[in-house]
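Quick notes on the structure that follows.
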Amino acid sequence: MQESLASELDARMSAMSNSTDNAVELKKNLSIVYNRKRQAKITGEILEIVAGANAFNLENFKYRFPLPSNIPNSVSFPVNSGSVYRFIQTCFS
């Protein structure tokens with residue numbers, strides 16, 4: 001009788017240990033998925049800000065220095081980190 005009780009308790013402990021291990025693994029996997037989605041959203045927002053800064057700088061550049069007629073309007077000019085920083089400060093201040 002004691003052996004069967006001990007065997008049953010051992011089986012229960014084993015099942016609970018497996019459940020705990022599975023839950024820890026599931027939490028780890030869900031955290032990875034969540035962090036990737038969050039990072040993708042942050043990256044998208046940063047890209048929108050940089051694209052806006054690029055468009056803003058291009059329009060200011062065109063206003064101050066009109067492009068010669070032989071250069072298409074689709075030419076993009078690089079945005080340095082200082083101008084992006086100033087643009088972000090302007091938007092959020």
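The values are calculated or read from the model by the stated rules, or taken from the named source; none is laboratory data. Remember, it's a predicted structure, so these values are computed and weren't measured experimentally. Please note: Cβ atoms are built from the backbone with ideal geometry, for glycine as well, and neighbour counts cover all protein chains shown.
Could we say that residue 83 is touching a helix residue (DSSP H, G or I) at 6+ places or on another chain (Cβ under 7 Å), modelled with pLDDT under 70, assigned to a loop (DSSP other than H, G, I, E, B) and surrounded by 10 or more Cβ atoms within 10 Å (Cβ to Cβ) here? Give the steps one after another, and end with the answer.
On the way: touching a helix residue (DSSP H, G or I) at 6+ places or on another chain (Cβ under 7 Å): yes; modelled with pLDDT under 70: yes; assigned to a loop (DSSP other than H, G, I, E, B): no; surrounded by 10 or more Cβ atoms within 10 Å (Cβ to Cβ): yes.
So residue 83 fails the test.
When residue 76 is evaluated against the numbered criteria (1) modelled with pLDDT under 60; (2) within 25 Å of the chain's Cα centre (by Cα); (3) surrounded by 10 or more Cβ atoms within 10 Å (Cβ to Cβ), which criterion, by number, is the only one it fails?
(2)
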